[in-house]
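The values are calculated or read from the model by the stated rules, or taken from the named source; none is laboratory data. The shown structure was predicted, so the numbers you read here are calculated from the model rather than taken from an experiment. Ideal geometry is used to build each Cβ from the backbone, glycine not excepted, and the neighbour counts take in all protein chains shown.
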Amino acid sequence: MLSVETNETKKGLGIHARRALAYIVLVIMSFLCLFWFYILFVNATRSKGELTQGFTLLPSTHLIQNWKGVMAGTLPVVRGMINSLIVATCSAVLCTYFSTMTAYAIHVYDFKLKKFMFTFILAIMTIPTQVTALGFIQLVADMKLEDNFIPLIIPAIAAPATFFYMKQYMESALPLSLVEAARIDGSGEFRTFNSIVLPLMKPAIAVQAIFTFVANWNNYFTPALVLHDDKMKTLPILIAQLRSADFLKFDMGQVYVTIAFSIFPVIIVYLFLSKYIVQGVAMGSVKG
Amino acid sequence: MKKKVLSALLTTAMLASMLVGCGSSNEAPAASTDAAPAASTEAKTEAPASTEAAEPAAAEEGKVFNIYCWNEEFKSRLTDHYPGYEEVDGTTGKIGDITVKWNITPSDDNAYQNNLDETLLKQADAAADDKIDLFLIEADYALKYVDTDYTMPVKDLGITDADLANQYQYTKDVVTDSNGNLKGVSWQGCPGVLIYNREAAKAVLGTDDPAEVQKSVSDWDTFTATAEKMKAGGYNMVSSVNDTYRVYSNNVSGKWVQDGKIVIDDNLMKWVDDSKKMVDAKETGTFDLWSDDWSKGFYPDGKVFCYFGPAWLINFSMAADTDGSIANQGGWGATEGPQGFFWGGTWICGATGTDNASLVKDIILKMTADEDIMKEIVVADDDFVNNKPAMEAMAADTSYQSKVLGGQNPLAMFCAGAEKIDLSNLSAYDQGCNEEFQHAMKNYFDGKASLDDALDLFYKGVEEKYPELTH
Amino acid sequence: MAKVKRGKVVRYNKWGYIFLIPFVAVYVLFQLIPLFRTFYYSFFENYRSGLTQIGPNFIGFGNYAKMLSNPDLWMYTKNTLIMWVLGFVPQIIISLLLGAWFSDPSLRLKGQRFFKTVIYLPNLIMASAFAMLFFTLFSDGGPINEMLMQIGVLKEPYQFLTNVWSTRGLVALMNFLMWFGNTTILLMAGMMGIDTSLFEAAEVDGATSTQVFFKITLPLLKPILIYVMITSLIGGLQMFDVPQILTNGKGDPMRSSMTLIMYLNNHLYSKNYGMSGALSVMLFIITGILSLIVFKFSNGKQDK
């Protein structure tokens, strides 16, 4: 009896202390997440001259001027953003559609190579894409697909990790009886997949679409090997070029604006979608 | 033939549409009807002429002119000084009806060379509008391109020796291949000088007169002694150890690569020793050239006494157009410094397979051999151009003053320097070797590695870049 | 009845193969063939000298011998693992903590949605832009140094990018920031999925929250933790963008922050295809071994 009581008082105290601790840690972590972007924002608004005079916490007024400077320069950032959007969007669409299809094949059908294929896909999941990079660029050169988005987009069709997620999700969300019922109604297999399975998989597709989008949006390694023409370069390549030589003639204001340009639009879109994204990520884990 | 027919059709179509335009403009306000007939008659008289005379040329010349280079220097030269060049946006321009496309890749880490190589190797198969027409090369790797068939002999463009007679001989020697063919032409000479901060000179040395300042930097011993004084006066002698690098590396006794082996010259080791001492004494930093930290000395708050560089550095890089920079206030002075040296230099090359040979020729002639344009460049941009008689005349001309240098006329100094430039120790591997050497030694200067480890790192880096080399 | 059903299924099963076609076709073309080609190339001397192609000349295991004759490869493996661990350990600790707090109804944390949104945010930032940002912020004369000097913490700029551990630390910090939000959300969801009756039972038995966490939550979370660990390790071994851009591809100081993929990129970049091939094969083997260890480790534990 006594011990229970002490436990409870301990716990009572504990809750307040723990809550305080939780808030402190959360505030510190939030600060760590946001601080850099605040500096970025402030510095993007400051002129070249102001930037040489130490740091301030308050933004200045040269944002537009810096932006104009970037626009007049030789780094095609807007084009880069469009290119990145094209590559990331197409990859996300192809990747989720075909990964769902692959997962569907393994989940619903019973065929001789099923077990082998499943193990095979799991095994190749761990092979880093960079390992095949050498053969990949040679292949791309042979097919004359350099400076082309195809070698960046099409490979997204074969995405073991997305496949795995879809397979897991199907196990809990796609009862085989539903497929049976569709067959009895006379629906063809392909139609069943497109009109019944896909809508059912929507939440999983949304999550994986976002992941794939972000992964391709970030991708620097492969595009840097495939794209050489300025008009085709994606944003990460252009960002990396910021570090080279006298590109912007040391106008750090322009450097900051360029970085800001590649970061803030994503943040804004994210703020609108954050609820779904965070939920989506959480949902994935329950199934996994 | 097809092209001819097509362009004839196009001309007709244009003419027709103009006439239609005139016809419909009858309804428009009077002001425009005044102008329209004039335009249409002009078009009429011009059109027949062009179908006869200009037609063959138009059929040969491509509509897209691709230029490969690594920064904006040549672009601004062309924009400012080439007659008829109009800027469309950051990476395109127009000369007449030809679109000029700039393909700019930073030279850092051989990126420019790699990109250029890839495109040149595909040149034969590329569509006419994608072919490189003109590209620029730098002294550090000029040799790599000079002895290949990807670079056109200048005489094949129709440029004669007489056209280039006034140019400095060394600018021709570098880019002459083993068969004696000249493969590129440069518009600038790159003798380097010591560029000092007048304010710092006055504060610490008590004078900002070039001849007096020279006494304090006349050789490396006095240079080192002055560095101590500068330190006491609150100034860094140079912004970074890499500032003095070219002065040492141009006064070497042999090439970077000899018989497939990497050779570190004694003079470079002297640079390492001298620089290490300066870094340890906190008289300079170890920043990469072109980094933001390195360029801080372009402003008074940066507290840097001097930079080393040729004319293009003064003009192109030292932030002369930014308020508050030393250059903007004319606060630099120039003097010979401890040793003569050169840095950079850009050569214009025609790419084999160009479909705009006559434009390549014209650009080369206008930008490197047209005396009026050359003088214009000197006056407007303070560059040191590749025309010996013109430069010598201007050196003697007291009316020429460099704003950045506070009214000083540095041309005599440059002229003297240009005479002494010796490029016989260049190798095709210089860019990679120089970059890796500076980078590896930075680790040593910063105290992150022993000298031997840093040298190992250097060899490793170079051999990764050029697998054919050993040490 | 069962027989009929079975017959139908068999009839449909060819669709299993049909639906696998896109994946297999693309995989074979863009991954498998390149993989074999990479292996094949590793036995040749094959590079470009200036504008001239050297090779391919068959040299057997020459490239491997050359690569294994110096200790670099292990150094880069070590660097990669160090930077991964530096980021992963805090990531998993903080994520477990936050996950536990978020999923603990008795804490009644306010503003959960805001915090979740914020901590997930860095995951969506383009890694190259983030690295470029850190490079500018932490350069010798950059804002961080200026700030620290203005508030009097530092007398002279601290050279973040010329010191081994500060460079590695920055890389780890960025990886941590980019991934801890994601892990938190995953773990939190896992914790919410745990049957609440278990917690109630523990409460009746008088267990403290710490005990509950270690005795109930953690063991039940193991599948998710393993998933997080494996994906993070695979991602970690492929670490490239962040250190590449932060150190301008040099891995300074003295290559102490050069990762395996950066090293591979060096060879690919200078068109040394023979060495790149050999290096890729080594990477393949290293990744394989590490993955096997993690799989074995996790399976073995699950058996107990």
Looking only at region C:246-255, decide whether some residue is closer than 30 Å to A:Tyr165 by Cα, assigned by TED's automatic domain parsing to the domain that holds C:Gly99 and either out of contact with any Phe, Trp or Tyr (no Cβ under 6 Å at 6 or more places or on another chain) or surrounded by 22 or more Cβ atoms within 10 Å (Cβ to Cβ) (or both). no
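Determine whether B:Ala311 is out of contact with any Cys (no Cβ under 8 Å at 6 or more places or on another chain) and of a type in the set (Gly, Ala, Ser).
Values: out of contact with any Cys (no Cβ under 8 Å at 6 or more places or on another chain): no; of a type in the set (Gly, Ala, Ser): yes.
So B:Ala311 fails the test.
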When region C:83-124 is examined, which residues are found to be away from chain A (no Cβ under 11 Å), surrounded by fewer than 18 Cβ atoms within 10 Å (Cβ to Cβ) and among the aliphatic types (A, V, I, L, M)? C:Val85, C:Val89
Selected residue (only one of B:Leu455, B:Leu359, B:Leu423, B:Leu405 is in contact with a helix residue (DSSP H, G or I) (Cβ under 6 Å, 6 or more places away or on another chain) and aliphatic (A, V, I, L, M)): B:Leu423
All-but-one check, B:Gln408 against (1) away from chain C (no Cβ under 14 Å); (2) outside any strand (DSSP E or B); (3) touching an Asp or Glu at 6+ places or on another chain (Cβ under 9 Å), failing number (3)
Scan C:Phe180, C:Phe213, C:Phe199, C:Phe160 and give me the residue that is modelled with pLDDT of 90 or more and over 30 Å from A:Met125 (Cβ atoms). C:Phe160
Might you let me know whether region C:48-58 holds any residue that is of a type in the set (S, T, N, Q), surrounded by 19 or more Cβ atoms within 10 Å (Cβ to Cβ) and either at pLDDT 85 or above or assigned to a strand (DSSP E or B) (or both)? no
Just to be sure I understand, how many residues within region B:122-150 are free of Cβ contacts under 8 Å to residues at least 12 places away in the same chain and either among the aromatic types (Phe, Trp, Tyr) or not in a loop (DSSP other than H, G, I, E, B) (or both)? 1
Top-ranked residue in region A:115-143 [being more than 24 Å from C:Gly274 (Cα to Cα) and either of a type in the set (S, T, N, Q) or modelled with pLDDT under 90 (or both); ranked as surrounded by the fewest Cβ atoms within 10 Å (Cβ to Cβ)]: A:Thr119
Quick test for you: out of C:Gln211, C:Gln150, pick the one residue that is facing another protein chain (nearest Cβ under 9 Å) and polar (S, T, N, Q). C:Gln150
Failed criterion for B:Asn166 (all others in (1) under 28 Å from B:Gln339 (Cβ atoms); (2) out of contact with any Pro (no Cβ under 6 Å at 6 or more places or on another chain); (3) surrounded by fewer than 23 Cβ atoms within 10 Å (Cβ to Cβ) hold): (2)
What is the one condition in (1) part of a strand (DSSP E or B); (2) crowded, with 17+ Cβ neighbours inside 10 Å; (3) modelled with pLDDT of 90 or more; (4) within 14 Å of chain A (Cβ to nearest Cβ) that B:Leu116 does not satisfy? (1)
Anything in region B:160-216 that is touching a residue at least 12 places away in the same chain (Cβ under 8 Å) and among the β-branched types (Val, Ile, Thr)? List them, or say none. B:Thr171, B:Val174, B:Val175, B:Thr176, B:Val185, B:Val193, B:Ile195, B:Val204, B:Val213
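Does C:Val9 fit the bill of being at the interface with chain A (Cβ under 7 Å from one of its Cβ atoms) and modelled with pLDDT under 90? Let's see the steps before the verdict.
Numbers: at the interface with chain A (Cβ under 7 Å from one of its Cβ atoms): yes; modelled with pLDDT under 90: yes.
Taking the combined requirement at face value, the residue satisfies it.
Sort out which residues of region A:144-164 are among the aromatic types (Phe, Trp, Tyr) and surrounded by 22 or more Cβ atoms within 10 Å (Cβ to Cβ), and write them in order of number.
Residues of region A:144-164 among the aromatic types (Phe, Trp, Tyr): A:149, A:163-164.
Correct list: A:Phe163 only.
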Could you check, for region A:35-47, whether at least one of its residues is surrounded by fewer than 16 Cβ atoms within 10 Å (Cβ to Cβ) and facing chain C (nearest Cβ under 10 Å)? yes
Do any helices (runs of 4 or more DSSP H) lying entirely in region A:105-202 carry at least 3 residues that are within 7 Å of chain C (Cβ to nearest Cβ), and which ones are they? A:133-142
Which one of these is at the interface with chain A (Cβ under 9 Å from one of its Cβ atoms) and farther than 27 Å from A:Ser274 by Cβ: C:Asn163, C:Asn248, C:Asn182? C:Asn248
B:Ser399: passes all of (1) in a loop (DSSP other than H, G, I, E, B); (2) within 30 Å of B:Asn328 (Cα to Cα); (3) at pLDDT 90 or above; (4) not aromatic (Phe, Trp, Tyr) but (3)
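So which residues in region C:143-157 are assigned to a helix (DSSP H, G or I) and surrounded by fewer than 16 Cβ atoms within 10 Å (Cβ to Cβ)?
Taking region C:143-157 first, the residues assigned to a helix (DSSP H, G or I) are C:143-150.
Within region C:143-157, C:Leu148, C:Gln150 meet the criteria.
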If you go through region A:210-226, how many residues are at the interface with chain C (Cβ under 7 Å from one of its Cβ atoms) and either in a helix (DSSP H, G or I) or more than 15 Å from C:Met126 (Cβ to Cβ) (or both)? 5
Any chance region C:229-244 includes a residue that's at pLDDT 90 or above, at negative phi and within 14 Å of chain B (Cβ to nearest Cβ)? yes
Could you tell me which numbered condition C:Lys66 fails, if it satisfies all but one of (1) in contact (Cβ under 8 Å) with a residue 24 or more places away in the chain; (2) over 30 Å from C:Phe284 (Cβ atoms)? (2)
